[in-house]
Amino acid sequence: MCGIVGYIGPRDATPIILNGLKRLEYRGYDSAGLAVLQDGVIEVRRNAGKLARLVSLVEQSPVSGQVGIGHTRWATHGEPSTRNAHPHVGETGEVVVVHNGIVENFLELRDELSAEGVNFSSETDTEVIVQLLDRYLGAGCNLVEAAGNTLAVLKGAHGIVMFSSREPDKIVAARIGNAGGVVIGKGEGEMFVASDIPAILEHTRQMIFLESGQMAVVMRETVDVQELNGTRVDYEVHTVSWDPVSAEKGEYRHFMEKEIHEQVRSLTDTIAGRVDFDKMSIRLGQLNLTPELAKRVQKMVIIACGTAANAGGVGKVLIERIARLPVEVDIASEFRYRDPIVDEQTVVLAISQSGETADTLAAMAEARQKGAVLWSIVNAIGSQAMRIADGYISMQTGPEIGVASTKAYTAPLVDLYMLAVHLADMREILNDKSRRQLIADLRLIPDLVGRCLDREGQVKDVAYALKDVAHCLYLGRGINMPTAYEGALKLKEISYIHAEGYPAGEMKHGPIALIDEDMPVVVIAPRDPWYEKMLSQVEQAKARGGIVIAVATDGDDRIANIADHVLWVPETPWLLGPVTTIIPLQLLAYHIAALRGLDVDQPRNLAKSVTVE
Ligand code: F6R
């Protein structure tokens, strides 16, 4: 999805912007550009395609200045082409804009402006923003007034950053709704603006996050934040603790590979500070969970998209089993349009790595409106999903760069487990022995995940055997049913192999017809309460000629005797089983995609943070 970087200060803005855009490449984009104020004139360089093309263009036709903005675009209105790439300059050339989001009423606005004689030079919705700004500047407004007037007529959700050659001392940035974040980085005598923290993290850790409906006037020494109606806002400056080095690839070929291997560390961090192994208790302070709320709540609804929703599926089993609270899992884009039945007795829990997914944020807004208690599990500190919730758990994984989510899948599994135990404790339904056992099991997790990663060699062999298949079926049951969905999602999104996750018990009701010698079937069958059922699934698939790849617990000879390939996992307490069973499946998807020579970190048509509906 689109990325934004801006700079104002004593240094040359061009390399700062190019470098910032590079750090946002992981979000996915199809064109890139920048605008810099050089000798009082706005100079734009932009190109369809990858950032490297923009870098060459800037080398051929250099540009430098002390204020500038840049953008990576993921096309929504108009093809990915140079003329549709951002930044966009108005007819007078005096104002320039980059934009994330969609102007929903752009056709009306475009017709209105065209009728006034404005000539459009792109097919984008964004261009109406800059032409409107031009109109207001021409009518005598200053940049802030022009921005306020323009924002007032735009429909939809937006992150917008602009500057004008008339007022070279400032950048104006605004956020309306949930089209991704707008963050301002405070430096010494210089300021940075971005859609995402990694773009500017190498320069500063002091960050101001704009809320929806706020506009910031960013100058070298000061930042003023106001509501769109002009009311001044007292903002907080957050210190972000992410390590910039952890946003780099290090020794790995791809970010995804690195992030799979980071899970020992991310899960250690997830548990650290939350679990007191001396007292055998769990602290989730930012959740603001009181015993009164824990006893009053009648049900939980988990809302999320994609991988986060799969994590929610595991959460359902955990919270129902451990805390005895009914849980529904709802795809966020479905929840909001269904007039869902939630009220003050319901906790709605959003799970989101980015904390900026438009569907999830819209579902949260719906839940808020219906009076539910709103919680979130998020990775991106300061994201909207964190800020608008009544309480939150932060994932502690550090930035996830690869588009396919891995460490931001396992961290919420452990968060949900801790939440289940904490909730059960507050509901006074856990006896001391069970609580101690559940908490003690957590301590095993980093080591068990490390042991799964140590077996990467075995997974590579299986990847080699499967790399040319056209389809693949993933079966799981109970707590590992979401593992089947997640394993299939990983494979399809990065290898482009058609893969389906299915509840194993449903096979006989239709999909079994698909199984033949060309259909590999990945069966998730660790020793858990559904083991015997899964074993018979393996037999059924074999009886129909299918190639069976089983995820099984070390030493399981019964599976070893029937499956064609086994991905071994160490014995894991079953409620934490999905944390280990997913590791070989992440590795399998990764190695198949790498063997197919694909762009693992930036798969086609996908974006890291989906900030449009
Ligand atoms: C798949 C993947 C996506 C995201 C989904 C939600 O690997 O990454 O399915 O999980 O787009 O994103 P967040 O968690 O940022 O809300």
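The values are calculated or read from the model by the stated rules, or taken from the named source; none is laboratory data. In this text the structure is predicted, and so the values were computed from the model without any measurement. Glycine also receives a Cβ, built like all others from the backbone with ideal geometry; neighbour counts cover every protein chain displayed.
Before moving on, here are some points about what is shown:
- Whichever residue in region 84-117 is under 29 Å from Ala194 (Cβ atoms) and acidic (Asp, Glu) and, among such residues, is nearest to the chain's Cα centre (by Cα): Glu104
- Filter result (in contact with a strand residue (DSSP E or B) (Cβ under 8 Å, 6 or more places away or on another chain) and free of Cβ contacts under 8 Å to residues at least 24 places away in the same chain) within region 285-337: Lys316, Glu320
- Residue match in region 502-520 (condition: touching a residue at least 60 places away in the same chain (Cβ under 8 Å) and in contact with a helix residue (DSSP H, G or I) (Cβ under 8 Å, 6 or more places away or on another chain)): no
- Residue list for region 376-418, restricted to those being surrounded by fewer than 23 Cβ atoms within 10 Å (Cβ to Cβ) and small (Gly, Ala, Ser): Gly382, Gly391, Ser394, Gly398
- For region 419-429, the criterion of being within 25 Å of Val327 (Cβ to Cβ) and under 24 Å from the mean Cα position of the chain (by Cα) is met by at least one residue.
- Being within 30 Å of Ile322 (Cα to Cα) and among the basic types (Lys, Arg) holds for only one residue in Arg544, Arg527, and it is Arg527.
- Any chance Arg427 is farther than 18 Å from Lys279 by Cα, in contact with a strand residue (DSSP E or B) (Cβ under 8 Å, 6 or more places away or on another chain) and surrounded by fewer than 24 Cβ atoms within 10 Å (Cβ to Cβ): no
- Only one of the numbered conditions (1) touching a Leu at 6+ places or on another chain (Cβ under 6 Å); (2) farther than 18 Å from Ala173 by Cβ; (3) not hydrophobic (A, V, I, L, M, F, W, C) is violated by Gly78, and that is (1).
- If you filter region 522-549 down to residues that are out of contact with any Gly (no Cβ under 7 Å at 6 or more places or on another chain) and part of a loop (DSSP other than H, G, I, E, B), you find that the one that is surrounded by the fewest Cβ atoms within 10 Å (Cβ to Cβ) is Gly545.
- Conditions (1) more than 16 Å from the ligand (Cβ to nearest atom); (2) modelled with pLDDT of 95 or more; number of the one not met by Met280: (2)
- Matching residues in region 593-613 - criterion: being more than 15 Å from the ligand (Cβ to nearest atom) and at negative phi: Ala594, Leu595, Arg596
- Taken over region 145-169, the criterion of being closer than 19 Å to Gly93 by Cβ, crowded, with 23+ Cβ neighbours inside 10 Å, of a type outside the set (Gly, Ala, Ser) and in contact with a helix residue (DSSP H, G or I) (Cβ under 8 Å, 6 or more places away or on another chain) is satisfied by Thr150, Ile160, Met162, Phe163.
So that you can scan it fast, the table gives a plain yes or no per residue for (1) more than 16 Å from Ala367 (Cβ to Cβ); (2) among the basic types (Lys, Arg); (3) within 16 Å of the ligand (Cβ to nearest atom); (4) outside any helix (DSSP H, G or I):
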{"position": "Gln286", "(1), (2), (3), (4)": "yes, no, no, no"}
{"position": "Leu289", "(1), (2), (3), (4)": "yes, no, no, yes"}
{"position": "Leu293", "(1), (2), (3), (4)": "no, no, no, no"}
{"position": "Ala308", "(1), (2), (3), (4)": "no, no, yes, no"}
{"position": "Gly313", "(1), (2), (3), (4)": "yes, no, yes, no"}
{"position": "Lys316", "(1), (2), (3), (4)": "yes, yes, no, no"}
{"position": "Val329", "(1), (2), (3), (4)": "no, no, yes, yes"}
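- Close pairs from region 418-433: first under 18 Å from Arg296 (Cβ atoms), partner at pLDDT 95 or above and among the aromatic types (Phe, Trp, Tyr), Cβ under 9 Å, at least 6 apart: Leu419/Trp375
Listed here are the residues, each with its yes/no results for (1) over 18 Å from Ala311 (Cβ atoms); (2) in contact (Cβ under 8 Å) with a residue 12 or more places away in the chain.
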position	(1), (2)
Ala484	no, yes
Ser536	yes, no
Asp564	yes, yes
Ile583	no, yes
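- Asp447 of a type outside the set (Ser, Thr, Tyr) and either within 25 Å of the chain's Cα centre (by Cα) or more than 17 Å from Asp269 (Cβ to Cβ) (or both): no
- Qualifying residue in region 528-548 (condition: under 29 Å from the mean Cα position of the chain (by Cα) and of a type in the set (Phe, Trp, Tyr)): no
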